[in-house]
Every structure is written in C-alpha cells, then in structure tokens.
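Colleague: My questions all concern the structure below.
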C-alpha cells in the first residue's frame, strides 16, 4: 500500500520495485494526472460526536454532476464541493438511493473533466488498482487528494454493519488489498492501472461475521442506471412532484412519533419523543433520532416528513432511516389499517 500526492507516488514505487519501477511509475503517473481532476472534495454536515464533515466524490458529466456516498455529510443546506484546481461551489443534492449507498450532487459549472459512465470497466481478483479520495481531509483547496495502490483481493457480496446496525446495501463489491476505507474516503473512486473507472469507495464498515474492517468499493456497473435516472429526473422516488399536495392520510403521531416543534422554515426532523406502546417504540426509535430518509426520499425538514407520511395508504410500509449518533439506523413500520378521522 502507498499513500501519495501528485508527483510522490512514482518515487515511492521506485524504492520498492527496483528495475520494474520505471514502467510502473510512468503508467501510474499518467493515470494519476488523468484521474485527479475528476475527483472532488465534499464538505458538509458533521464535526460533532466524531462525525467527519468531509467526504469525496467524482464528476460524471461536464456540467457538474457528482457521484458520492449518501451519508450524514449531505444532511445540510451548506453543502460545498471543491474541485482539483481549488474552485469552490455550492452543491445541490439531486437525489439518493440509500439501498445502493448512492447520492448524486450538482454544481453550477461547465466543461469539467469527468468519468464517462458508458465506459465503466469490470475487473477480477488480482487486478492492480488505484484508489483516489480525500481521506483524512488531506486536501481542502487545490491540493491533490490521496492515492492508494493495491489489488482486488476478491469479489463477492457485501455483508457488513456500522456500529450495531446492518447496512442497507448487500450487493456485489470489490474487496481491496489496501487500506482504502477511512474517514473522508467514502465516495472516492477505484480505477484500473490505466485509469478506467471500476467502483465507488464505500463507507467505513465492519464484516458482519468477523467484525473486521472492510476495504471495498461498489462496482459502478451496479450504480450507473440509477445515476443516469437521477441526472435526468427519471428517478421518481426522489422527485418533488404534485403528489405532495395530496390530502394527508397519516401523521407522525399515528406511528407514535412526536417531532420537535416546527419553528423555522426547515426544522430538521428530530424525534422529540416516542409514545409508549406505539409502533415507533416497537421498532426501537428513540428521542433525538434524526429522520434522514422516509421510503427512500430525502427528509430535509419536519414539513417534508409530514408530507411523506401524508401520502401513505393504509397498510403501506414506512421505511425510515434515522441518524443516531454516528450510526445510520433503518426501521420499517406499517401504516394503520384505516385513515384516522381528523
């Protein structure tokens, strides 16, 4: 494994590989110079209770569409993106798919270097790879992000957890023989030796069975369809449409949830209390939980959660993702059999 910045990786490799270093260094340097401008630094929510307020992402269009991991970092109105050349932009969260650990952002920029999603590669065990990310916030301006060299040790299905809780994504992953998944690395990219896009670096997770840390990336082949749908507005579960104007069928109280007072325009959807004997208590919701997603829709405020609950029909499932300390917890409730009289 090697940690490096621009111009440093070839020198480090030369010390290790001896006579083979020249070709190795030249090809890696060309890849690094090509990939770095497509990787961005993301700054948002966090900074409390050991939650980092930074992450990584990568450009997938010349118009500023950015792919990253969905996480607490995106839970803010002050989301910003810093490009490789140091330019800083406000970012908009276009949509997210928590079951894929995926989010798509947009900045107001043009003619940017980007990864062409029609040219995503696949690879198997033994493939030498490079991982690019803003791990440990090594870059805040025009400094290059970090580069890690390793190999794909295995491919398989993710079985992992964060804290005591299983994560939503359980699909294919590349398991990497290198320390790629540390604070700030999530949302970075895994590429082949010649710079072809392979995967998105995931969050810090432990194996559900062995309790060991996992260094992995989600193959882009699992994400490209959803990314394109979010970019074009065809991902209907994450669009703000007229369905929010329908009469409210249910409220938080119908599930035993008492939200904090809605006193400002975008009051975060914190749970103030959970009623004894309620569905919310039965699934383990707690006071101070912050509702982040409801049925895979982003919940930026109490009003948005209220709208989501209002659209439920009797016996519909309600899948909530809440932030509790440093963990993201997923619970599923069922709407009442009948719409209450108001």
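What follows is calculated from the coordinates using simple rules that are stated; it is not laboratory data. Computed from a predicted structure; not experimentally measured. As a convention, Cβ positions derive from the backbone with ideal geometry for all residues, glycine included, and neighbour counts pool all protein chains shown.
Colleague: Could you list 209, 52, 101, 222 so that the one with the fewest beta carbons within 10 Å of its beta carbon is first and the one with the most is last?
Modeller: 209, 222, 52, 101
Colleague: Starting from the Cα-Cα distance between residue 281 and residue 327, subtract it from 0.36 nm times their residue separation and give me the gain in nm to one decimal.
Modeller: Details: separation 46, 0.36 × 46 = 16.56 nm, distance 1.84 nm.
My answer for the length gained is 14.7 nm.
Colleague: Below 8 Å, C-alpha to C-alpha, sequence gap of six or more: please give me the relative contact order for segment 240-334 in percent. Mind showing how you got there, number by number?
Modeller: Values: 173 pairs, mean separation 27.8, N = 95.
Result for segment 240-334 is 29 percent.
Colleague: For the pair residue 118 and residue 338, how long in nm is the line joining their label points, each one 7 Å along Cα→Cβ?
Modeller: 5.7
Colleague: Pop a pseudo-label 7 angstrom from the Cα along the beta-carbon direction at both residue 206 and residue 51 and give the gap in nm to one decimal.
Modeller: 2.0
Colleague: Here is a follow-up. If you stretched the chain out fully between residue 92 and residue 138, how much longer would it get, using 0.36 nm times the residue separation minus the C-alpha to C-alpha distance?
Modeller: 14.2 nm is the gain from fully extending residue 92 to residue 138.
Colleague: Another one. Can you pull the one-decimal nm distance between simple spin-label points at residue 29 and residue 313, each 7 Å off the Cα toward Cβ?
Modeller: Roughly 6.3 nm, to one decimal.
Colleague: Going by C-beta contacts inside 10 Å, put 214, 227, 201 in order with the fewest on the left.
Modeller: 214, 227, 201
Colleague: Rank the residues 278, 118, 133 as a footprinting-exposure proxy: fewest other Cβ atoms within 10 Å of their Cβ go first.
Modeller: Ascending number of Cβ neighbours within 10 Å: 118, 278, 133.
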